[in-house]
Structures are given as structure tokens and as C-alpha cells.
Amino acid sequence: MTRPSRQILPQDALDDTDRAILNALQDGFPLTPRPYDDAAEPLGIAGSELISRLTRMRQIGAITRFGPFFDAAAMGGAFCLCAMEVPEDRFDEVLAQVNAHPEVAHNYERTHALNMWFVLATDRPEGIERTAKTIEKETGLKVMLFPKLEEYFIGFRVQA
Amino acid sequence: MTAALDPTDRRIVKATQAGLPLTPAPYAAVAEALALTEAEVIARLASMQERGIVRRIAVAPNHYALGMTANGMSVWDVADDRISELGAQVGALPFVTHCYQRPRALPGWPYNLFAMLHGGSRAEVEAKRDEVAALLGTACRSHDILYSTRILKKTGLRLRDE
């Protein structure tokens, strides 16, 4: 099960070139036969160095994902933010039950009575309701659904 | 709603949803695994990007590992007749990464506007929260911040095997 590290990297874990790579590749990556070579050129490095730096940054946990980001809604599916109030003494058990569903794309523990917040991503709209109901049945806990009604802006960029 | 994926698109999604190969010709590697040509994989990904199915091909940095250790989901109870106008203004703030109107869940959850705030510390996030509060003014009746204390899973979209 993917459980990304919450280790903070030491200041010197990334050099300026690594940071330039993270900033540049948040915007996009070429759809060309030799995309690493093409993406590396404006950064002043070789494609092979870009590959080795990305490999290392993935290994040390500086990168969460690298590749295509798919929009479930555009594929005829759906995304939905969900929340549950999970008793502390059952947290790990419920977490395992929730995370076992491949539809659970992200899951965060948060500081609130509603302490587990996850995103369901399904390839058909009815999958949201069905998965939520299944989780309710498995855990005996209510799954609250917070579908987006309107999206005001999504900015992806964080200065690395 | 855009037409669903055809079976070949679907195979490409499944082959790349965990990430792109870190090899010099990654689309050729995907093509080989699927018995397609490199040109077809590239053309289909480009078409999916045009149709909005692929939002982007990019890197997602781990905010937390990079020192953005405070990640607050700020939630606001905003007057219904002002939310579209004010939501757009909150979404336009440079430090807000995601901003959505979502349904309230009364009585326990009066909040209908969600805005993600990131910072190097909770104090930094709370200073940003104050800016949002000033912008919303009297149109906002109450608000809260939910900090993430653990990432429990982060895999992105996964298609099921069917």
C-alpha cells in the first residue's frame, strides 16, 4: 500500500538543478519520442542526467508522482471528496479497510472530528455512491460525500 | 460529458497511471508492453490531452518532503448569494492551490467553500487564512482549518480491472 513518507528532506537533499527540474516539470512534459532529452535541454543538462535525477528524487521521496494526470470526470467517471469520523482506537483497522479500495486515490488524516478525508476516483459516476456504501457496510461508519459543485481554480504549482 | 475511453486508450491509462517509465524513450516502452507502436501511444495521449482526459503530464512534488509541512484545508460558511463571486476571488489568491464550492452537511458541517492553503508552518498558513477571512468579510459566518497530520494514501486515479 502506498503510504508516502512524511519525512522532511534535509535542506541539502536537493540542489539547484533538482529544484529547477521540479519547477519546470510541474508545468508539463513533452509527448515526443525522446522527451527526457527535450525536457533536459532548456535546463542545460543531458536527458540521461534528467532521468537519473528524477529516479533519485523519486527514491528519496521528493516526488510523489511523475507521469500523466488523468481527469476521471472527463473519462466519464467521477471524483468525490469524502470524510469519516473514525474512532481513534479503530483508526488503523478502518484505514486498512478504506485504503484497500483502489477507488481511494488520496487519503489524509486531519485535525477534526471528521478525521479521515479521502478522494474517491471512479471510472463511472455511479461508482462513487457504490464505493461509499461498501465502505459504510465494511466499517459500520458513515461516509459523508462532499462532491464539488463549482471549481474556482486549480493551481498546481508549488515553488520547490 | 466526453465519450468514455476506447479499449486501447484504457490500456494506455492503465499502463501509465502509476507513472511514466524513467527510460530514454518512455512512450516506446509503454508501446512495447501493450503491443502498440510508439507513434500510436503518443498520438493517443495527445488526443486524450486535447479532450481533457489527461490534464497534464508532469511531476508532482511531495510538498511535505520539500518543507511545506503545514497543509491546511480551510473551510468557510459563505452566504449562498455571494459564493460564486467570492469563491472566484479566493481561488485567484496566489497561495490557494485548490478552491471548490461543496455542499454543506448540516447540522454538523456548515461550510460550503473549501480552499487549500500550504505553508512552511501553521503560523504561515494562518496568516494566509486571515487574508481569506478579510476578503470574505461579513459574507462569511464561520470558518475552520483542518490540518493534515498524515498522508494515508496517495496513488492518484486507478482504473479497475474489468
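The values are calculated or read from the model by the stated rules, or taken from the named source; none is laboratory data. Every value quoted in this text rests on a predicted model; they were computed, and no experiment measured them. In this analysis, Cβ positions are derived from the backbone assuming ideal geometry, glycine residues included, and neighbour counts consider all displayed protein chains.
Miscellaneous remarks
- Residue in the stretch B:1-32 that is surrounded by the fewest Cβ atoms within 10 Å (Cβ to Cβ), counting only those that are part of a helix (DSSP H, G or I) and in contact with a Pro (Cβ under 9 Å, 6 or more places away or on another chain): B:Ala29
- Test: residue in the stretch B:91-103 that is at pLDDT 95 or above, over 16 Å from the mean Cα position of the chain (by Cα) and more than 23 Å from B:Val30 (Cβ to Cβ): yes
- Qualifying residue in the stretch A:101-114 (condition: farther than 27 Å from B:Gly67 by Cα, of a type outside the set (Val, Ile, Thr) and either within 8 Å of another protein chain (Cβ to nearest Cβ) or exposed (fewer than 15 other Cβ atoms within 10 Å of the Cβ) (or both)): yes
- Members of the stretch B:2-22 found to be of a type in the set (S, T, N, Q) and at the interface with chain A (Cβ under 7 Å from one of its Cβ atoms), listed by number: B:Thr2, B:Thr16, B:Gln17
- Residue match in the stretch B:96-103 (condition: out of contact with any helix residue (DSSP H, G or I) (no Cβ under 9 Å at 6 or more places or on another chain) and of a type outside the set (S, T, N, Q)): yes
- The residue that is modelled with the highest pLDDT, among those in the stretch B:31-74 that are more than 7 Å from chain A (Cβ to nearest Cβ) and within 16 Å of the chain's Cα centre (by Cα), is B:Ser74.
- Test result for A:Phe146, surrounded by 15 or more Cβ atoms within 10 Å (Cβ to Cβ), at pLDDT 95 or above, at the interface with chain B (Cβ under 9 Å from one of its Cβ atoms) and touching a strand residue (DSSP E or B) at 6+ places or on another chain (Cβ under 8 Å): yes
- Residue among B:Asn112, B:Asn62 that alone is crowded, with 19+ Cβ neighbours inside 10 Å and in contact (Cβ under 8 Å) with a residue 24 or more places away in the chain: B:Asn112
- When B:Val90 is tested against the conditions (1) more than 8 Å from chain A (Cβ to nearest Cβ); (2) in contact (Cβ under 8 Å) with a residue 40 or more places away in the chain; (3) within 30 Å of A:Ile8 (Cβ to Cβ), the lone failure is (1).
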